[in-house]
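Peer 1: Pasting a structure below so you can have a look.
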Amino acid sequence: MEKPIQNDRWTVRLPIMLALTLAAGMLLGATFFGGGKGVTDVARGYTKFKEILQLIDNNYVDTVNTDELVDFSINKMLEKLDPHTSYYNPKDAVAARSQLESGFDGIGVEFNLFRDTVFVVTALTGGPSEAAGIQSGDKIIKVNGEAFTGKKIDNAFIFSKLRGPRGSEVNIEIQRRNVPKLLTFKLKRDRIPTFSVDAAYMMDKEIGYLKVTRFSESTYEEFKKSLASLKSQGMKKLLLDLRGNPGGYMDRATNMVDELVAGDKMIVYTDGKDDRYDRKTYAKFTGQFENGPVVVLIDEGSASASEIVAGALQDHDRALIVGRRSFGKGLVQMPVNLSDGSELRLTISRYYTPSGRSIQKPYTHGDVENYEKDLKDRFKQGELFVADSIKNNPKLQFRTGLGRTVYGGGGITPDIFVGRDTTYLTPYLYELFGKSIIRDFALQYVNQQRKQLEKVAYQDFIKNFTPTDADLQTLVKEATDEGVKFNEKEFSRSKPYIRTFLKATIARYVYQRRDGNSSNLNNEFYQVMATQDEAIVKALTLFDQAEQLSKGIVSLKK
């Protein structure tokens, strides 16, 4: 008797997917770009798509999930386009949209999962948990009668139980230090705001530091509020940190630029196949900080809307750009909500900085793998460490308003290069972060020393507090207990950074909501970490050059 033929899933799917891909591609083409011939092609393609799908559903030998087949075909089709056109199924679409929304519905706690137990780091200001009296260090033991400890607990499980529709109720049982019985709280979920301006504080009497982590719904309003606050504290110089900012809404970025440039200068323009998506954006109102030196920090993680900000300020000679070459994403996506709740983010145009440069780095249609390896290649080629390793295309030279040479075709090249510091990075440190050892230790330390720490003024803490060697040895012991093998050589290399990070985390837990500080800002953490940040240390020496640039004088020194 012959052995039955058993084709694997890929063998079965491949010819089907090719047909579905062709049909879906024609459908999208007609929907967005029209045209008589295109409509005919789409009608023919749609008929074929429907016919194949029905044949599979009715006659295929095994039971198949046709929704999965369609999702797969769409994803395979989009791989033949640019690297940033993407499709999200209904579940993933909700998660993707939430990254750009200004809040979520839940109980309002920042938590930490430590040894199968959920600890409350802080109750978020204005949220149900704060109103109910939940405190830092509380352990969440049960939620709606269900055990909230053990190996099954992970971030996805926690979110599924604590988040939910606004107005819905949830019962939480808390174990609090020095309280013998569990405390029960009945909370009504509410809208919990999230923020994209992570820090805004005065570094000295004149320099204000402002950290923007993404461009979401509320970014511009947060930026305006923070800028006004810094100005009221006497800010005359601005350090704007866009490192690691992956982008987001374009109009939030252009509005931010408008706060910093005078007149009616162009900020960005877009150009696509369809004229409907071509537009030019100009500065149109009097901004809060149109005069005074500006330094902008970027790195290889700064992308999209971050590059619009950096590119516009560089082209108009309004800011000194410091750091490393940015990511290089110059394509604009339009989100399209589909009938089943899924979402297509379709590239509809390219954007160009005021000097006319597209900063989109090169890509080959269908070759997503090599595109995604770009940052790894930069590392291997030494670009993250040595300025001379940056290889700009000499054919893509452009000029700023003052005649400085800038380049397109591969991100924003900084005016002043600052290499990446890896001296403190060791496998031992990676393991500490991977298992959240430093953060967990900081939370325990604060819970044990809170009364003493709260007696110390923040400025005294900054000047005088340093985690002791004994503290670090205790941290090492806890790490060992958690399975992190101790390495003396690696620990010694990372020790100064561990000490600073521990101090910064303690500062955040103790002082973030004290002394009138706004709870959405992590000023205390960033202020401590700035002492270990080579890019910030360098930037603080460059404001004289930035001021000369803002006055129309070019005298850049590397």
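Bear in mind these aren't lab numbers, they're just calculated from the coordinates by the rules spelled out. Model, not experiment: these values are computed from the prediction. Positions of Cβ are generated from backbone atoms using ideal geometry, with glycine treated the same way; all protein chains shown enter the neighbour counts.
Peer 1: In square nanometres, what is the average projected area of the Cα convex hull of segment 191-297? Don't skip to the end; give the middle numbers.
Peer 2: Details: hull surface 32.6 nm².
Averaged projected area of segment 191-297's Cα convex hull equals 8.1 nm².
Peer 1: Rounded if a/c is under 1.5, else prolate if a/b is larger than b/c, else oblate: which is segment 427-536, with a ≥ b ≥ c the root eigenvalues of its Cα gyration tensor?
Peer 2: Working: a/c = 1.99, a/b = 1.56, b/c = 1.27.
Prolate, because a/c is 1.5 or more and a/b exceeds b/c.
Peer 1: With +1 on each Lys and Arg Cβ and -1 on each Asp and Glu Cβ, and nothing else charged, work out how big the dipole of segment 427-536 is about its Cα centre, in Debye to the nearest 20.
Peer 2: On the way: 16 positive and 15 negative charges, 46 e Å.
Computed about the Cα centre, the dipole is about 220 debye.
Peer 1: Given labels modelled 7 Å from the Cα in the Cβ direction, how far is it in nm from ALA470 to LYS80?
Peer 2: For ALA470 paired with LYS80, the spin-label model returns 6.9 nm.
Peer 1: Rg and Dmax in Å for segment 305-389, alpha carbons only: what are they?
Peer 2: Rg and Dmax of segment 305-389, Cα atoms, are 15.9, 50 Å.
Peer 1: Okay, next question. Debye calculation, C-alpha points only, no solvent: report log10 I(q)/I(0) for segment 101-226 at q = 0.11, 0.22 Å⁻¹, in the same order as the q values.
Peer 2: Normalising to I(0) and taking log10 leaves -0.46, -1.24.
Peer 1: Could you give me the percent of Cα pairs per 10 Å distance bin for segment 167-209, shortest bin first, beginning at zero and ending with the bin that holds the maximum distance?
Peer 2: 20, 22, 20, 21, 16, 0
Peer 1: Now for a different question. Considering only C-alpha atoms, what is the centroid distance from segment 356-426 to segment 270-285, in Å?
Peer 2: Between the Cα centres of segment 356-426 and segment 270-285 lies a distance of 25 Å.
Peer 1: While we're on this one: Straight-line reach from LYS181: which aspartates and glutamates fall under 12 Å, measuring Cα to Cα and dropping same-chain residues less than 8 apart?
Peer 2: GLU173
Peer 1: Rounded, prolate or oblate: which fits the chain when a ≥ b ≥ c are the square roots of the eigenvalues of the alpha-carbon gyration tensor, with rounded for a/c under 1.5 and prolate only if a/b beats b/c? All intermediate terms of the calculation are to be shown ahead of the outcome.
Peer 2: Values: a/c = 1.74, a/b = 1.13, b/c = 1.54.
It comes out oblate by the Cα gyration axes.
Peer 1: Would you be so kind as to identify all helices of the chain, as entire DSSP H runs, whose Cα atoms reach 27 Å or more along the helix's own axis and whose mean Kyte-Doolittle hydropathy is at least -0.5? Intermediate values should be presented prior to the final figure.
Peer 2: Details: long enough: 9-33 (34 Å, 1.35); 36-59 (34 Å, -0.48); 488-511 (33 Å, -0.60).
Helix filter hits for the chain: 9-33, 36-59.
Peer 1: If you filter segment 116-157 for trypsin sites (Lys or Arg not before Pro), then keep DSSP loop positions with at most 15 other Cβ within 10 Å, what is left?
Peer 2: Working: sites: LYS139, LYS142, LYS151, LYS152; in loops: LYS151, LYS152.
Within segment 116-157, the qualifying trypsin sites (Lys or Arg not before Pro) (loop, at most 15 other Cβ atoms within 10 Å) are LYS151, LYS152.
Peer 1: Could you line up ARG163, ARG252 from fewest to most neighbouring Cβ atoms inside 10 Å?
Peer 2: Values: ARG163 16, ARG252 25.
Listing ARG163, ARG252 from fewest to most nearby Cβ atoms yields ARG163, ARG252.
Peer 1: Given the rule -39500 (n - 2.57) for each run of at least 4 DSSP H residues, summed and divided by the residues of the chain, what is its mean residue ellipticity at 222 nm, to the nearest 500 deg cm²/dmol? Walk me through the numbers before you get to the answer.
Peer 2: Numbers: 19 runs with 220 residues, N = 558.
Helix-only estimate at 222 nm: -12000 deg cm²/dmol.
Peer 1: Can you list the lysines whose alpha carbon is less than 18 Å from that of LYS265, not counting same-chain residues fewer than 8 positions off?
Peer 2: LYS280, LYS284, LYS551
Peer 1: A follow-up question, please. Using a 10 Å cut-off around each Cβ, can you sort SER302, SER355, SER73, SER389 from fewest to most neighbouring Cβ atoms?
Peer 2: Details: SER302 31, SER355 19, SER73 24, SER389 14.
Ordered by Cβ neighbours within 10 Å, fewest first: SER389, SER355, SER73, SER302.
Peer 1: Using a cut-off of 13 Å between beta-carbons, work out the net charge of the residues near ILE140 (Lys and Arg +1, Asp and Glu -1, ILE140 not included).
Peer 2: Working: positive: LYS139, LYS142, LYS161, ARG176; negative: GLU110, ASP116, ASP138, GLU146, GLU173.
Computed value for this residue: -1.
Peer 1: Report ³J(HN,Hα) in whole Hz for each residue of segment 321-334, in order, from the Karplus equation J = 6.51 cos²θ - 1.76 cosθ + 1.60 where θ = phi - 60°; Gly and Pro get x.
Peer 2: For segment 321-334, the Karplus curve yields 8, 10, x, 10, 4, 6, 4, x, 10, x, 10, 9, 9, 9 Hz.
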